[in-house]
Each structure stands twice: as C-alpha cells, then as structure tokens.
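Participant: Got a structure here, written out as structure tokens. Questions coming.
The values are calculated or read from the model by the stated rules, or taken from the named source; none is laboratory data. Given the structure is predicted, the values throughout are model-derived calculations rather than measurements. FYI the Cβ positions are ideal-geometry reconstructions off the backbone, even for glycines, and counts take in every protein chain you see. SASA here: full protein model, heavy atoms, side chains in, ligands and nucleic acids out. Shrake-Rupley method; radii C 1.70, N 1.55, O 1.52, S 1.80 Å.
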Amino acid sequence: MQNAAIKSVNDSSLKTGSAQQKKSKKTDRRSNFGKRFLSSCMEFQSPTSRPTRSDVVLNHHPPFPIIRQFLLPPPPLPPPSTVLLPVPFNPSLFFTMDNQRSISLLQFMVDEGLVPSVEEEDKRKSVIRKLKQVVSSWIKKVACLHQLPDHQIAVTSATVLTYGSYGLGVHSSGSDIDALCVAPFFASIAEDFFIVLHDMLKRRPEVSYIHCVKSAKVPLMRFKFEGVSIDLPYARLNVLYVPENVDILNPFFMRNIDDTSWKSLSGVRANKYILHLVPNKEKFQCVLRCLKLWAKRRGVYGTLLGYLGGVHMTVLAAYVFLRHPDATLNALIMHFFQTFAFWPWPTPVMLQEGMLTVVDGIETRSYMPIFLPSSRYEHCHTSITKSTFFRIRSEFLRGHEMTKDILKPDFLWDNVFEPFPYTERYSRFLKICLSSPNHYALVEWVGWVKSRFRGLLLHLEATQGFCDPNPTEYVDSEKTEPNIVFYWGLKSTKNNFLDIDSVKGEFMKIIKNGYEGSPGRMEMAILIASQLPN
C-alpha cells in the first residue's frame, strides 16, 4: 500500500466514523420525509391518462449552417427477454413481483438519500430567489451605464432560469444548481456579465469562491451562494424586457440571437420540452433519479471523462418513458436496459421521429449520437471514445441481464447499483494528481484540465489500446497543497510499456493551448491495484 494517506472524496465506501454519526442524526428527519415520498410515489403505479404535449413549435433555425440529411429508419426492436415463467403462467404472480420490485426500488431511493429534505429544498429556492433579485438590480444598473432612456430603464428586466438536474427536479442532496442568466440585447457578456455582475456578486457576503470560466464552450460564472454551488452561464435575447418565467420554447424569443446565447439556452430548452412531453412528470423524475445513480455507481457518468452526462441520461430515459408511459417503475428500468443494451449504435437516439440531422465534423464520428428534443438541429455533444463506449455498452448489458427475469427470487436492487470494482478489473492504473496553491486556483485548474481529458484518453487508447477513466475524484491528504487525484484503469492490448514522461509532455501541450490563467501542477505515475485507496 502506498505510504501516502489517500482518501476518497466521492466513494461512499470511505465514509469516516464522524460522517456516519452525522448521517445518523439525519435519519429521523429523513424517515418522515421518506414516508411522504413513498406515499406520493405509489400514485405512479396506476396508469395515467394525461396526453403528451404536441403544441410546441420547433421550426426556428439556429445561427449556424444546416446540412439536411435523412435519418435511417427506426432501429429494430431488441430481442425478447429470456424470462423463465412457470407453467402454467400465473399473471397475478407476475404483476405482484413487478409491483414488489417497484416498491423496493422506491424504498432503496429513500435509503440512499436521493431525495433532498424539505429544508434543503427551501434553501435552494431561497438562493434562486435572492439570485434573481441580484440580476434584477444588475440589469437596471447596466441600462443606466448604457444611458438608455428613462422609460426603457423603468421597464427593462432580466431573469434566472434553472435547468439540469435541479430544473428537472431530480437533484440529490448536496448537488449544485445549473442556472442561466437571461438578459436583454444591450447587456454584453464580456463587460456587463463578466465584470459588472461578477463584481456585484463578489461584494455580497453570501457569495464565495466566485470565478469566471470564459474559455468554456458555454462561458459561465461559478460560485457558491450561501454554500450552494451554482454554475451561471449567460444568454441575451433580442428584447428589452425578459419576463421572469420567459417561455424560451417560443420561437419569438429565439430570433436573431448569437451563437453563445443559443448554446446557453439549449439545456434549458431541452429540459422544458422533455417535461412537456412526458405524461407523468413525477414518475419520470423517479426513473431518472435511479438511472443517474446507477450510472454514477457503475462509473459511466461524466461528460468530460468520456461518459454520459445528465442531458444524455435524460434523453435516453425519456425515450423509454414515452414508449411505455403506463409501465411501473420496475418495468421502466427493465425496458431501459433492454432497449439500449441492444441499440444498433451509431443510429442516433431521438425523441421525435423524422427529425433532420446536423452534419457536424465531430458528431458524425460519434459512437453514441443523442439528439436534443427542443430543436430539429441540435445534438448532445459527447466525448465518448472507443474505450468508454465499450464500458457504457457493457453496463447496459449487465443491467439487462440482472433485471430481465421478473420472477428471480433472490433479486436485490443493491446488486444492480453495486459500485464498479476497479481494482478487481484492472491491475495497472494511471494516477493523475492536479494541485494548486489555493482552492480557488485549484477549481479553475481542475476544470480546465478535465475539459481537455479527451485528448489524453485518445492518446492512451492509441498506445495502450484500452483506458477506463474513473470519474471519481480523490484527495491526497499528505500533500500540503489543495489537490485532486484521478485513477484511470489501464488494460494493454498493444504494448505494456508506457512512457509517462512522453504522455505527460504531450498532454501538457494540449492543456497550455489557450489556457489564460496561472497553470497549476500535474503529476503522473503508474500504480498497481494494491497501491490504490481502499
């Protein structure tokens, strides 16, 4: 075992005794909330009659060139499950087992603390309300700085829209908030957003760790507001007045907007449209919570690491949900694994049949193309590589094998959600340690390096053949500087030798290209499985 005392910041198996005591103090509070959650969720088991929405207009063109190309016909249905049924078949037993599995899955969600408490929900709502107040004051100030007429200053307004896991209502305890600042046309991103609004937020006592990420594909500010982490990108509409709950699915608000605003709005639009489509929002939220936890536990969640992100999981879950709207929670999970275990990739996944694709220089080579439902022209950008595609597909197959037999007597959801056993699968690991003088610099440094991980992953695939980038972030407690450590599983199919100095040198060239801040430190080493943290 390595001398360095290394502790995991994400792995649930490394909880300290004090953390367990802290968790036990919350048990009583969560138990009451869990009972209410279970009671409300049981309403999902009855079929719903609410129709799906079909009144949203999606005929607005994006601010980039479109090359129309007809899609392939829908993929064939997957092979039927090999479920062993008693003879003669007893329908009541089948439905009883299905219902019992659904109830046990709901209880599993409560036990895992997937649903935040009422107190946590109230705090998040309070944070968003205060952030909206700051943005409202900011846009008035910006209007004055631009010397707009008094009557325009009086009516102008901006707002904050939530999206991501919080916007979908599937966030967990302690998760961050994805929020979007939407403002009128006269407020620029370079000066008014990244300088004026940044300074206003920085002066507030509730705000900490604020910094700008200008070089990201979607530029944003990242900060903590009363301890809640917030990612805040920016979009401006070609209007003077932005309603508080602006309907960004309305083509009127998408007229003549810039490319950055279009990208920033795509996540909000996808969220809202999916919630319009699904016939039972609460049941869909339940399914999505389960699938996100499964992906995290099995190590296939994290866009920057080449795996599925929140938007990808949302579209995949919605695809299954819309085709089986009356199914139980257990049946929906079974259908999910069956559908994508046998999906004929790279046939794209789309919620709307007959859509036209956008020919993109990168996405045309994607292993798992997934299209956003809010536009005929947008797809979810992925960083999936040959190695991560194999891992994701393997996990789909595993999930299908474990859930396909509805009458399996010893079935446990704990086995389905069991964490991926990295040290049992790989004998060698690449250790990547990122460090900086302070926490503020580390957050910026780690964020930038992670956004370039795809280049490192492709290089390792070219030299080693296979690499499994574990998304879990660890901390080396023996280092004096703030740090984050990654352990990537290696499986050589080409050459066991790996020149670490060469790998690090090539990756540093990628990192330094375009980085504007002060670079932190990066260390790489090859470890064997016994040297990893427990």
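Participant: Which is of a type in the set (S, T, N, Q) and without any contact (Cβ under 8 Å) to a residue 40 or more places away in the chain, of 495, 470?
Facilitator: Numbers: 470 fails: without any contact (Cβ under 8 Å) to a residue 40 or more places away in the chain.
On inspection, the qualifying residue turns out to be 495.
Participant: Considering only residues that are within 14 Å of residue 239 (Cα to Cα) and aliphatic (A, V, I, L, M), which ones fall in region 149-160? Walk me through it before giving the result.
Facilitator: Step one: list which residues in region 149-160 are within 14 Å of residue 239 (Cα to Cα), which gives 152-153, 155-159.
153, 155, 158, listed by residue number.
Participant: Could you say which residue among 215, 229, 266 is of a type in the set (Gly, Ala, Ser) and open to solvent by 50 Å² or more (accessible area, probe 1.4 Å)? Step through it out loud before you land on a result.
Facilitator: On the way: 229 fails: open to solvent by 50 Å² or more (accessible area, probe 1.4 Å); 266 fails: open to solvent by 50 Å² or more (accessible area, probe 1.4 Å).
None of the others qualify; the one that does is 215.
Participant: Additional query: Any residue at all in region 123-138 that is touching a helix residue (DSSP H, G or I) at 6+ places or on another chain (Cβ under 9 Å), in contact (Cβ under 8 Å) with a residue 24 or more places away in the chain and surrounded by fewer than 17 Cβ atoms within 10 Å (Cβ to Cβ)?
Facilitator: If we filter region 123-138 for residues that are touching a helix residue (DSSP H, G or I) at 6+ places or on another chain (Cβ under 9 Å), which is where we start, we get 124, 128, 131, 134-135, 137-138.
Then drop every residue that is not in contact (Cβ under 8 Å) with a residue 24 or more places away in the chain, which leaves 124, 128, 131, 134-135, 137-138.
So of that shortlist, the ones also surrounded by fewer than 17 Cβ atoms within 10 Å (Cβ to Cβ) come out as 137.
Checked against the condition, which is being touching a helix residue (DSSP H, G or I) at 6+ places or on another chain (Cβ under 9 Å), in contact (Cβ under 8 Å) with a residue 24 or more places away in the chain and surrounded by fewer than 17 Cβ atoms within 10 Å (Cβ to Cβ), region 123-138 yields at least one hit.
Participant: Show the residue pairs meeting these rules: Cβ distance below 8 Å; 6+ apart or different chains; first residue within region 232-248 and in a loop (DSSP other than H, G, I, E, B); second residue open to solvent by 70 Å² or more (accessible area, probe 1.4 Å).
Facilitator: From region 232-248, the pairs are 237/185; 238/185; 238/255; 238/256; 239/185; 240/155; 240/185; 248/272.
Participant: Here are some conditions: (1) modelled with pLDDT under 95; (2) in contact with a Cys (Cβ under 8 Å, 6 or more places away or on another chain). Residue 198 meets all but one. Which one does it not meet?
Facilitator: Tallying (1) modelled with pLDDT under 95; (2) in contact with a Cys (Cβ under 8 Å, 6 or more places away or on another chain), residue 198 fails exactly one: (1).
Participant: Just one of the numbered conditions (1) in a strand (DSSP E or B); (2) in contact with a Leu (Cβ under 9 Å, 6 or more places away or on another chain) is not true of residue 269; which one?
Facilitator: Exception for residue 269: condition (1).
Participant: If you check 229, 261, which single one turns out to be out of contact with any His (no Cβ under 6 Å at 6 or more places or on another chain), of a type in the set (S, T, N, Q) and more than 29 Å from residue 119 (Cα to Cα)?
Facilitator: Exactly one residue qualifies, and that residue is 261.
Participant: I've got another one for you. Answer yes or no: is there a residue in region 149-167 that is among the hydrophobic types (A, V, I, L, M, F, W, C), assigned to a loop (DSSP other than H, G, I, E, B) and open to solvent by 20 Å² or more (accessible area, probe 1.4 Å). First the steps, then the outcome.
Facilitator: First pass over region 149-167, keeping only residues among the hydrophobic types (A, V, I, L, M, F, W, C): 153-155, 158, 160-161.
Cutting the leftovers down to assigned to a loop (DSSP other than H, G, I, E, B) gives us 158.
After this cut, where a residue has to be open to solvent by 20 Å² or more (accessible area, probe 1.4 Å) as well, the list is none.
No, region 149-167 has no match at all.
Participant: Do any residues in region 517-534 that are acidic (Asp, Glu) have Cβ atoms under 6 Å from those of residues that are in a strand (DSSP E or B) and open to solvent by less than 30 Å² (accessible area, probe 1.4 Å), where the two are at least six apart or on different chains, and which pairs are they?
Facilitator: 523/433
Participant: Select the strands (runs of 3 or more DSSP E) contained entirely in region 383-493, then report the ones holding at least 1 residues which are in contact with a Pro (Cβ under 8 Å, 6 or more places away or on another chain), at pLDDT 95 or above and closer than 19 Å to residue 524 by Cβ.
Facilitator: Details: elements: 428-435, 465-469, 474-476, 483-492.
Qualifying strands (runs of 3 or more DSSP E): 428-435, 474-476, 483-492.
Participant: Something else: Being in a strand (DSSP E or B) and over 16 Å from the mean Cα position of the chain (by Cα), is that true of even one residue in region 186-206?
Facilitator: The initial filter retains those residues of region 186-206 that are in a strand (DSSP E or B), namely none.
No.
Participant: Filter region 301-327 for residues that are over 11 Å from the mean Cα position of the chain (by Cα) and either of a type in the set (Ser, Thr, Tyr) or within 23 Å of residue 458 (Cα to Cα) (or both); which is surrounded by the fewest Cβ atoms within 10 Å (Cβ to Cβ)?
Facilitator: Within region 301-327, the first condition is being over 11 Å from the mean Cα position of the chain (by Cα), and the residues that meet it are 305-306, 315-327.
Next, from what is left, pick out any that are either of a type in the set (Ser, Thr, Tyr) or within 23 Å of residue 458 (Cα to Cα) (or both): 305-306, 319.
Working: 305: 25, 306: 27, 319: 19.
Ranking the candidates gives 319 first.
Participant: Separate question: If you scan region 208-231, which residues turn out to be touching a strand residue (DSSP E or B) at 6+ places or on another chain (Cβ under 7 Å) and in a loop (DSSP other than H, G, I, E, B)?
Facilitator: 218, 219
Participant: Filter region 499-534 down to the residues that are in contact with a strand residue (DSSP E or B) (Cβ under 9 Å, 6 or more places away or on another chain), open to solvent by 70 Å² or more (accessible area, probe 1.4 Å) and either in a loop (DSSP other than H, G, I, E, B) or at pLDDT below 90 (or both) and list them by number.
Facilitator: Matches in region 499-534: 534 only.
Participant: Please tell me if residue 459 is under 18 Å from residue 384 (Cβ atoms) and surrounded by fewer than 18 Cβ atoms within 10 Å (Cβ to Cβ). Steps first, please.
Facilitator: Values: under 18 Å from residue 384 (Cβ atoms): yes; surrounded by fewer than 18 Cβ atoms within 10 Å (Cβ to Cβ): yes.
Here the answer is yes, as residue 459 does meet what is asked.
Participant: Another question, then. For residue 175, state whether it is open to solvent by less than 30 Å² (accessible area, probe 1.4 Å), part of a loop (DSSP other than H, G, I, E, B) and not hydrophobic (A, V, I, L, M, F, W, C).
Facilitator: Working: open to solvent by less than 30 Å² (accessible area, probe 1.4 Å): yes; part of a loop (DSSP other than H, G, I, E, B): yes; not hydrophobic (A, V, I, L, M, F, W, C): yes.
Yes, satisfied.
Participant: Can you find a residue in region 344-359 that is open to solvent by less than 30 Å² (accessible area, probe 1.4 Å), touching a Phe, Trp or Tyr at 6+ places or on another chain (Cβ under 6 Å) and modelled with pLDDT of 95 or more?
Facilitator: No; the residues of region 344-359 include none that is open to solvent by less than 30 Å² (accessible area, probe 1.4 Å), touching a Phe, Trp or Tyr at 6+ places or on another chain (Cβ under 6 Å) and modelled with pLDDT of 95 or more.
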